[in-house]
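A.B. asks: Here it is, the structure, as structure tokens.
Read-outs: derived from the displayed coordinates by stated rules, not from any lab. Predicted, not measured: the structure shown is a model, and the values here were computed from it. Glycine also receives a Cβ, built like all others from the backbone with ideal geometry; neighbour counts cover every protein chain displayed.
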Amino acid sequence: MNTFGRRLLFFALFVMLLVACSPARAAVAPLMEVPDEGRLLVLTLVTAGVTWLLLKASIVFKVDLSGHAGPVAVAVAPIFVTLIEAGLRLIPPVFDNIVLTIIHLIVLLVGSIGTFFLFQRKAPRLR
């Protein structure tokens, strides 16, 4: 993985960690949409997935598609958010707090796993 890819991966994982540690502001409001932390998680995961798919497609077709990852991810991520929100609307309002807690736990888990794998590869050293 090149230096830019490592920096991008570190930045994405750092952003997920920051989002996962943010307080739950919408815990008292009824669940009308996915919280901002969930949207950011979906956007980050879709960007990573699209980047990986375009990397594989670049290898297969021998064409550089690296510049198209951002625009494709920005176009595809809202579709996934809309599908998730449609599924969340099927859940009765009584369970809104539980669903919000689960969403926040998923964001925290993904951020923690990403950070763990990032530091497992290259552990920082204190001198």
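A.B. asks: Which residues among region 36-68 fall inside the zone where the amide N is under 13 Å from a point 7 Å beyond the Cα of residue 4, along Cα→Cβ?
C.D. replies: Residues passing the 13 Å test: 55, 64-68.
A.B. asks: Output wanted: per-residue J couplings in Hz (rounded whole) for region 108-121, from phi through Karplus 6.51 cos²θ - 1.76 cosθ + 1.60, θ = phi - 60°, x for Gly and Pro.
C.D. replies: Per-residue couplings from phi come out as 5, 5, 5, x, 5, 5, x, 5, 4, 5, 5, 7, 6, 5 Hz.
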